[in-house]
Amino acid sequence: MLQVVQLFSCLDKISYIEWALDSEYILCGLYKKPMIQAWSLTQPEWTCKIDEGPAGVSYARWSPDSRHILTTSEFQLRLTVWSLLNTACVHVQWPKHGSKGVSFNKDGKFAAICTRRDCKDYVNLLSCQSWEIMGSFAVDTLDLADLEWSPDDSSIVVWDSPLEYKVLIYSPDGRCLFKYQAYECGLGVKTVSWSPCGQFLAIGSYDQMLRVLNHLTWKTFAEFLHLSTVRAPCCAAIFKEVDEPLQLDMSELSLDDNFMPSNYDASEGYISVRYEVMDLPVALPFQKPLVDKPNPKQGVGKLSLLHPNAI
């Protein structure tokens with residue numbers, strides 16, 4: 001049975017909420033204020049308020065130890081680490097992105113943060129204990145899109161914007177271990193994900209292809225294509241969503257005549273949804289993206305590798 005455990009009142013409209021990893025604290029982003037508020041479930045009287053002032057807040061996140069809050073200012077002027085233990089704060093200048101570009105290693109002791117200065121992309125490595133910069137190295141990207149630390153902490157993958165297909169593997173000391181480029185012309189990488197064991201790296205791109213790299217040789221281990229038609233034999237069940245008008249009998253309801261307008265249609269706006277199992281082959285619906293608009297809705301936009309290494 002669900003019940004209210006705590007009730008907290010914020011100072012403005014809540015734009016974002018996030019649980020701390022230890023489930024003891026909860027963060028509320030009041031981006032329009034701009035302000036961050038944090039609450040404790042075990043100590044209701046405890047509260048934290050972070051006011052960024054004119055710098056603004058574009059995003060906020062918890063650190064792995066659940067005792068620090070990382071905020072990114074508007075226009076990516078700085079990334080600030082706020083401590084809940086001693087009210088100290090540390091600034092990292094010129095973060096590349098607001099909600100992206102930050103990755104922690106497996107045990108949460110180090111953080112990799114993307115920055116950009118002098119028209120060049122960099123990766124800064126910070127200690128999550130003192131939040132001092134342990135090292136920084138430039139990466140060979142035109143417009144770095146994001147980065148992700150490998151599950152075994154041995155490498156960091158960074159990839160370029162969709163305008164250029166480029167995936168780079170770096171060691172934590174800044175050495176480039178491998179550069180992968182599937183093709184040159186056309187939109188490139190859309191999403192990247194490590195396998196839980198760190199042995200495989202999956203890359204989804206705008207050409208409808210999913211490519212998997214091996215961590216030993218960094219060569220292509222497998223390629224998967226999203227086909228427009230699903231044919232037998234196939235173990236996947238294909239469901240089709242069917243919308244039907246919902247028939248409502250309003251005559252038995254005791255409603256005042258002033259409650260509903262005279263031209264009110266009882267069935268208007270009410271839809272019943274059911275799912276039908278389709279027989280193979282099935283042609284998947286496809287809509288050609290507009291060539292005059294950016295970020296077309298095509299390609300592999302989301303992927304997740306499950307244990308043991310199932311996509």
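The values are calculated or read from the model by the stated rules, or taken from the named source; none is laboratory data. All figures in this text were calculated on a predicted structure; none of them were measured in a lab. When we count neighbours, we look across all protein chains shown, and the Cβ atoms used for this are built from the backbone with ideal geometry, even at glycine.
The table that follows gives values for the structure above.
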quantity	calculated
Residues (surrounded by fewer than 19 Cβ atoms within 10 Å (Cβ to Cβ) and part of a strand (DSSP E or B)) located in segment 167-192	176, 177, 178, 179, 191
Filtered residue count, segment 253-303, keeping only those that are modelled with pLDDT of 80 or more and among the small types (Gly, Ala, Ser)	4
In segment 282-304, residue surrounded by the fewest Cβ atoms within 10 Å (Cβ to Cβ) [restricted to those that are of a type in the set (A, V, I, L, M) and under 16 Å from residue 207 (Cβ atoms)]	291
Qualifying residue in segment 9-22 (condition: closer than 23 Å to residue 133 by Cβ, in the same structural domain as residue 109 (by TED's automatic domain parsing) and surrounded by 15 or more Cβ atoms within 10 Å (Cβ to Cβ))	no
Residues that are in contact (Cβ under 8 Å) with a residue 24 or more places away in the chain and of a type in the set (A, V, I, L, M), drawn from segment 1-29	5, 11, 20, 21, 27
Criterion (among the polar types (S, T, N, Q), over 24 Å from residue 169 (Cβ atoms) and within 23 Å of the chain's Cα centre (by Cα)) met by exactly one of 99, 103, 73, 83	73
Test for residue 71: is it surrounded by 21 or more Cβ atoms within 10 Å (Cβ to Cβ) and either in the same structural domain as residue 157 (by TED's automatic domain parsing) or part of a loop (DSSP other than H, G, I, E, B) (or both)	yes
Total residues in segment 1-57, condition part of a strand (DSSP E or B) and of a type outside the set (Gly, Ala, Ser)	18
Single residue of 138, 111, 88 found to be over 30 Å from residue 208 (Cα atoms), at pLDDT below 95 and hydrophobic (A, V, I, L, M, F, W, C)	88
Answer from 144, 201, 125 - the residue that is within 30 Å of residue 85 (Cβ to Cβ) and of a type outside the set (S, T, N, Q)	125
